[in-house]
Every structure is written in C-alpha cells, then in structure tokens.
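The values are calculated or read from the model by the stated rules, or taken from the named source; none is laboratory data. No experiment lies behind these values; they were computed from the predicted model shown. Heads up, the Cβs are rebuilt from the backbone with ideal geometry, glycines too, and the neighbour counts pull from every protein chain shown.
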Amino acid sequence: MGFEGEGDLERALRCLPTGCFVMTAAHEGKRSGMRIRSVQACADEPLLIAVAARKGHAIDPLIRDSRSFAVCVIAPDDRLTMRSFPMETANGATGGIQSPEGDPFDGLEHAKFVTGAPVLARALAVFDCEIARRIDLEADHELFVGHVVGVRCAPEKGASAPGA
C-alpha cells in the first residue's frame, strides 16, 4: 500500500460515512441481529442499500432462508442497544450482554416490519429489505444488497406530532 505518512489509512477511513447500525433477520420463529458499521445507499430506482457484514455472522442462516433483513439506525449514545448487539471482531468474538436464551431482542421494544424482520422501536430509522444480491468479497466481509421495501423514520426532536 502506498501512504504518504503514518496514520494516513486510519485518518482516511475516518472520513468515510459510518454510523451505528443493527442488522436483523428472522425466519421460522428464530431472530437475531448484529451491529454493523457500514451501510450505504447504492441505487435510487429501485432503492437499494449495500450492507457489509462480517462473514460467518450468527444471522447468516436467517438472512439466507428468509431472503430478507432490516437495518436499524441507532443513536451513537444508545448504550443498551450497543450492549445487546455487540460488534463481531475478526476472530468471531463478541462483547456485550446477551439474555440467557441468547435473544438480543429480549428487554428491547421491537416489532415486525414488512418482511417480518424484527425492528427496534428505539431506532432513528429503519430500512426493511429483500435480498437483491449477496456478494462474496473474498475478504473478511460479504456484501448484502437489499431492495428497500419499507422505511420508518423517528420524528425529529422538537417536531410536533401530526395533528398537534
């Protein structure tokens, strides 16, 4: 790699858009989720989003079998959600708390959306998607391209409720 100075890669990567996201899926009564760091709109018509997820993640079979997933945008200061949905590391280890049954949705208000994927009530925004493409990047992550079939956005702070 060619970099002009120490730390160029880290500084350059911090310029890319990042956020706090939880990717969720459900199939035949099972549900799971994982925190991810890379989501991006990749087409307008139809609306598609691209999600990079670490290979071998726990929700992989649910996404494969349901052919759908949801992405919940989480506030960066939402510690409960961060602990409930830990970030998977390169060696597959996770941190954070899990319920004894291993269901990270226990104790968090959630609902099903268009595809049946669980979505968090506390999410700032939700994108419910059907799988359009799944791409093996021949790296430690794979890319899911989702056709957005449902969107929900929390009201802006300070905005009045409809009809108020």
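Considering only the stretch 35-77, give the strands (runs of 3 or more DSSP E) lying wholly within it that have at least 3 residues that are touching a residue at least 40 places away in the same chain (Cβ under 8 Å) and hydrophobic (A, V, I, L, M, F, W, C).
Details: elements: 38-43, 48-54, 68-74.
Correct list: 48-54, 68-74.
Could you tell me whether Glu142 is part of a strand (DSSP E or B) and either surrounded by fewer than 16 Cβ atoms within 10 Å (Cβ to Cβ) or among the charged types (D, E, K, R) (or both)?
In short, yes.
Conditions (1) under 17 Å from the mean Cα position of the chain (by Cα); (2) modelled with pLDDT under 95, marked per residue:
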residue	(1), (2)
Met1	no, yes
Glu6	no, yes
Met23	yes, no
Met34	yes, yes
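Provide a single number: the residues in the stretch 36-54 that are more than 14 Å from the chain's Cα centre (by Cα) and of a type in the set (Lys, Arg).
0
From Leu16, Leu62, grab the single residue that is over 25 Å from Gly150 (Cβ atoms) and out of contact with any helix residue (DSSP H, G or I) (no Cβ under 6 Å at 6 or more places or on another chain). Talk me through it step by step, then tell me what you get.
Numbers: Leu62 fails: over 25 Å from Gly150 (Cβ atoms).
Answer to the check: Leu16.
Identify, please: which residue in the stretch 67-96 is β-branched (Val, Ile, Thr) and surrounded by 12 or more Cβ atoms within 10 Å (Cβ to Cβ) and is, among those, modelled with the highest pLDDT?
Among those that are β-branched (Val, Ile, Thr) and surrounded by 12 or more Cβ atoms within 10 Å (Cβ to Cβ), it is Val71.
If you scan the stretch 37-52, which residues turn out to be modelled with pLDDT of 90 or more and either farther than 20 Å from Lys112 by Cβ or in contact with a Ser or Thr (Cβ under 6 Å, 6 or more places away or on another chain) (or both)?
Val39, Gln40, Ala41, Cys42, Ala43, Asp44, Glu45, Pro46, Leu47, Leu48, Ala50, Ala52
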